[in-house]
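S.K.: The structure that follows is given in the form of structure tokens.
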Amino acid sequence: MARYRDAKCRLCRREGQKLFLKGARCFTDKCAIERRNYPPGQHGLSRSKMTAFGVQLREKQKAKRIYGVLESQFRKYFQWAESQKGVTGENLLRLLELRLDNVVHRLGFAASRREGRLMVAHGHYQVNGRKVSVPSYIVRVGDTVQLRPTSKMQARVDDNLNAGRGQVPPWLELDPNEKKGIVRSLPLRDDIQIPVSEQLIVELYSK
């Protein structure tokens, strides 16, 4: 399973804003953005003004890093979004939101998408009563996502739910007692609260 293995905080510093890649740490003074709010590297403080291409590239990199997707997979999502009806940029974000690891995070079961990815990959979740261990699994309207009764992550999920770091989006319904969530509808653009301009990504790939 290909994934980014280096320091996560460098990614936030490179984009110049919090991407909330490390869960609870991002809400404390230990967050790298709070300590060193400039790009990493020897010349981080002397970066020149970006070109139009650079701005588009940064938006794509930001979206990839938020959802924990590498380039080849992200490009496949874009091609899939482009083949669907509607606005390509919104279709792209909708596909990324419907990933199982993201849904686990959005429901509050995981403190970050990275933790959600690990929980899913280790077989702690089931969809419609069947174990699913593929983080990129795309859920559908009507699907039920639930922590497996035999999972050893019960206490961890309780801690994450009690932390209440974010509201459950309106396209999901949460049952905290059963540690279960239901996909009620497809996410709308207004429901996807991430600091990304998807139109710039479309322009980048359309060149």
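Here, each number is a calculation from the coordinates, and none is a lab measurement. These numbers come from a predicted model, not from an experiment. Positions of Cβ are generated from backbone atoms using ideal geometry, with glycine treated the same way; all protein chains shown enter the neighbour counts.
S.K.: Mind ranking 176-186, 193-203 by how tightly packed they are, going by the mean number of other C-beta atoms within 10 angstrom, highest first?
M.R.: Details: 176-186: 15.5, 193-203: 17.5.
So the peptides 176-186, 193-203, ranked by packing, come out 193-203, 176-186.
S.K.: Here's a follow-up. What ranking, highest mean first, results for peptides 58-68, 72-82 when packing means the other Cβ atoms within 10 Å averaged over each residue? Don't skip to the end; give the middle numbers.
M.R.: Details: 58-68: 20.8, 72-82: 15.8.
So the peptides 58-68, 72-82, ranked by packing, come out 58-68, 72-82.
S.K.: Return a whole-number percent for the relative contact order of segment 99-185, with Cα pairs under 8 Å and 6 or more residues apart as the contact set. Spell out each step's value before the answer.
M.R.: Numbers: 144 pairs, mean separation 26.9, N = 87.
Contact order relative to length: 31 percent.
S.K.: Give me, ordered by chain and number, the residues 5 or more places off Y125 or on other chains with an amide H under 5 Å from its own placed amide H.
M.R.: V132, R148
S.K.: Using the 10 angstrom Cβ neighbour count as an exposure proxy, how do D101, D190 rank, fewest first?
M.R.: Details: D101 25, D190 8.
With the fewest neighbours first, D101, D190 line up as D190, D101.
S.K.: List, in the order given, every pair from K152/K180; K76/K180; K62/K85; K64/K152; K85/K180; K62/K131 whose Cα-Cα distance in the structure shown is over 27 Å.
M.R.: Working: K152/K180 16 Å; K76/K180 30 Å; K62/K85 25 Å; K64/K152 30 Å; K85/K180 31 Å; K62/K131 31 Å.
Table pairs above 27 Å Cα-Cα are K76/K180; K64/K152; K85/K180; K62/K131.
S.K.: Moving on. Relative to the Cα centre, what is the charge dipole magnitude of segment 99-185, using +1 at the beta carbon of each Lys and Arg, -1 at the beta carbon of each Asp and Glu, and rounding to the nearest 20 debye?
M.R.: Values: 15 positive and 8 negative charges, 57 e Å.
Charge dipole, segment 99-185, about its Cα centre: 280 debye, nearest 20.
S.K.: Another question about this same structure. Neighbour counts of other C-beta atoms within 10 Å: give me M50, M119 arranged from fewest to most.
M.R.: On the way: M50 11, M119 25.
Fewest-to-most ranking of M50, M119: M50, M119.
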